[in-house]
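Here is the structure we will look at, set down as structure tokens.
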Amino acid sequence: MPPAAAPPRKSIFDPVHGQIELEGVALALVGTREFQRLWGIHQTGFAHLVFPGANHTRLEHSLGTYWVAREMARHLDLDASSTELARVGGLLHDLGHPPFSHTLEPSMREVLGRGHEAVSRARIVGAEIPGVGEDPEAVTVPITLEKHGLRPRDIADLVDPPRHRELHGLLRSMLHSAVDADRIDYLQRDAHYTGVAHGAIDAVRLLDTIRAHRDRIAFAEKGRMAVEGFLVGRALMYAAVYYHKTVRAAELMAQAAVERSEGYPESARALFSWTDGELLARLPDRGRLAARLVQGLLERRLYKRAYRLTELDADGARRWARLLRAPAERRQREDALAERLRAPPGSVLFDLAGLEPRGRPLDDWAAIAVLGRRGATYPFRSASPWKALVERPAADSPVVVYTAPRYRAAASRMLARSPSLLP
């Protein structure tokens with residue numbers, strides 16, 4: 001009797017982690033339509049307009065998160081079933097990203113009423129996303145999971161944890177904590193491709209000192225410096241790359257091109273399932289303003305900072321936070337300021353990134369536990385000398401006004417004389 005054929009296995013050579021082995025359900029999932037779409041999504045949005053090497057994709061990052069989750073499971077000595085859930089959750093965690101990743105997240109929430117995590121859940125379980133227009137016959141991820149003995153809902157609960165109940169405590173913290181598989185991969189990957197050294201963390205030491213404590217991730221005391229380096233690097237990468245002023249200009253232009261396209265918001269539902277290339281190719285057909293903004297992105301004629309508010313009192317913070325929650329009113333205020341400049345609609349854009357939760361990337365670091373040599377635990381925050389640096393805001397100003405280049409000087413003079421023209 002001939003020996004049974006070995007199960008198919010493939011090796012992918014990754015510039016960050018080296019060889020990544022795929023087999024079983026992971027190998028099958030990589031070939032699905034939903035996963036292959038991630039080839040067309042830039043990992044760092046428009047950062048390539050500032051850092052030319054940053055052309056890596058969500059697919060590469062998803063493979064990297066799969067690898068890190070698998071290594072975490074090995075160091076935590078998880079059983080085979082838990083390891084499978086963790087690594088598949090890492091592989092599929094970003095299925096729901098819109099074109100250019102986080103760039104269109106605010107527009108997605110306005111139009112669909114949900115963010116990319118909830119869309120990832122929908123794609124994992126095979127649920128319909130109203131109005132998005134995806135072909136039901138092309139939904140293959142849930143079928144692939146079930147074929148390999150995994151329940152799609154179990155994976156979805158890791159990727160997009162339900163708020164009303166606690167599930168899979170340790171596995172959940174492997175994908176959703178201050179130091180998780182997602183962040184360990186993207187910091188190294190983004191540093192590698194941008195050439196910015198701040199994200200060059202000691203991942204080997206982090207994985208070597210990771211521990212399970214009360215159904216959550218913790219770190220041995222000997223790994224404390226690696227955790228400190230991770231948190232400082234993460235804070236600096238946000239400031240140097242993710243919230244770079246020119247990157248933000250491009251992201252605001254792309255967001256404005258979507259939000260000011262003809263028929264918005266109803267006409268925008270389908271575009272959140274497009275790739276980056278499809279967005280740039282199709283948006284110009286949706287009105288002159290959308291076409292002008294896309295052309296500016298393609299030719300790197302980007303909006304400029306005209307004015308910024310470095311501090312907000314309590315009343316000002318409330319007013320601007322209201323605009324953050326009311327995007328239609330924000331657009332009206334932008335166009336009212338453009339009218340005063342005798343500029344066409346869409347020539348003025350408000351950047352409120354410093355008010356968003358993503359603008360405060362390290363709110364969760366207080367929960368990191370350190371395990372002392374005698375079994376006692378203490379919060380990492382209480383022992384770290386890097387508190388001020390770690391907690392620095394990602395955006396250097398809570399509110400920034402961007403304008404088309406030709407109106408920058410006039411806007412700067414006008415707002416310097418009359419800041420009350422702003423909301």
Complete set of residues in the stretch 398-420 that are of a type in the set (A, V, I, L, M, F, W, C) and either part of a helix (DSSP H, G or I) or without any contact (Cβ under 8 Å) to a residue 40 or more places away in the chain (or both): A409, A410, A411, M414, L415, A416
G24 being in contact with an Asp or Glu (Cβ under 7 Å, 6 or more places away or on another chain) and more than 25 Å from I201 (Cα to Cα): no
Matching entry among A191, A178 (being over 23 Å from V125 (Cα atoms), in contact (Cβ under 8 Å) with a residue 60 or more places away in the chain and either under 19 Å from the mean Cα position of the chain (by Cα) or assigned by TED's automatic domain parsing to the domain that holds R87 (or both)): A178
Subset of the stretch 100-134 [in contact (Cβ under 8 Å) with a residue 60 or more places away in the chain and of a type in the set (G, A, S)]: S101, S107, G131, G133
Residues being more than 19 Å from I210 (Cβ to Cβ), surrounded by 18 or more Cβ atoms within 10 Å (Cβ to Cβ) and without any contact (Cβ under 8 Å) to a residue 40 or more places away in the chain - total across the stretch 76-99: 1
Residue match in the stretch 235-252 (condition: more than 24 Å from N55 (Cα to Cα), out of contact with any Gly (no Cβ under 8 Å at 6 or more places or on another chain), surrounded by fewer than 23 Cβ atoms within 10 Å (Cβ to Cβ) and in contact (Cβ under 8 Å) with a residue 24 or more places away in the chain): no
Residue satisfying all of: in the stretch 142-198; of a type in the set (K, R) and not in a loop (DSSP other than H, G, I, E, B); farthest from F219 (Cα to Cα) among these: K147
Breaking point among (1) buried (at least 23 other Cβ atoms within 10 Å of the Cβ); (2) outside any loop (DSSP other than H, G, I, E, B); (3) of a type in the set (A, V, I, L, M); (4) at pLDDT 90 or above, for I201: (2)
Test: residue in the stretch 94-106 that is at pLDDT 95 or above and more than 30 Å from R331 (Cβ to Cβ): no
Condition met for R87 (among the basic types (K, R), within 29 Å of A240 (Cα to Cα) and assigned by TED's automatic domain parsing to the domain that holds D190): no
Failed condition for H176, given (1) modelled with pLDDT of 90 or more; (2) within 22 Å of P15 (Cβ to Cβ); (3) surrounded by fewer than 21 Cβ atoms within 10 Å (Cβ to Cβ): (2)
Hits in the stretch 198-239 - residues which are hydrophobic (A, V, I, L, M, F, W, C), out of contact with any helix residue (DSSP H, G or I) (no Cβ under 6 Å at 6 or more places or on another chain) and over 25 Å from D77 (Cβ atoms): A239
Residue selected from the stretch 65-83 under the condition part of a helix (DSSP H, G or I) and among the hydrophobic types (A, V, I, L, M, F, W, C), by the criterion farthest from V16 (Cα to Cα): A80
Count of residues meeting criterion [within 17 Å of S347 (Cβ to Cβ) and either within 23 Å of the chain's Cα centre (by Cα) or not hydrophobic (A, V, I, L, M, F, W, C) (or both)] in the stretch 300-335: 12
Within the stretch 213-226, tally of residues that are within 14 Å of T377 (Cβ to Cβ) and part of a helix (DSSP H, G or I): 3
Candidates R292, R286, filtered to the one that is closer than 25 Å to W39 by Cβ and over 23 Å from the mean Cα position of the chain (by Cα): R286
Residue in the stretch 205-212 that is closer than 29 Å to W39 by Cβ and either in the same structural domain as V348 (by TED's automatic domain parsing) or in a helix (DSSP H, G or I) (or both) present: yes
Unmet criterion (only one of (1) at pLDDT 85 or above; (2) not assigned by TED's automatic domain parsing to the domain that holds L415) for P344: (2)
Scan of the stretch 48-75 for residues that are in contact with a strand residue (DSSP E or B) (Cβ under 6 Å, 6 or more places away or on another chain) and surrounded by fewer than 22 Cβ atoms within 10 Å (Cβ to Cβ), ordered by number: H75
Test for G372: is it at pLDDT below 90 and more than 20 Å from T246 (Cα to Cα): yes
Lone unmet requirement of (1) modelled with pLDDT of 90 or more; (2) more than 12 Å from F272 (Cβ to Cβ); (3) under 23 Å from the mean Cα position of the chain (by Cα) for T140: (3)
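The values are calculated or read from the model by the stated rules, or taken from the named source; none is laboratory data. Fair warning: this is a prediction, and the values are worked out from it, not measured in the lab. So basically every Cβ, Gly included, is an ideal-geometry build from the backbone, and we count neighbours across all protein chains shown.
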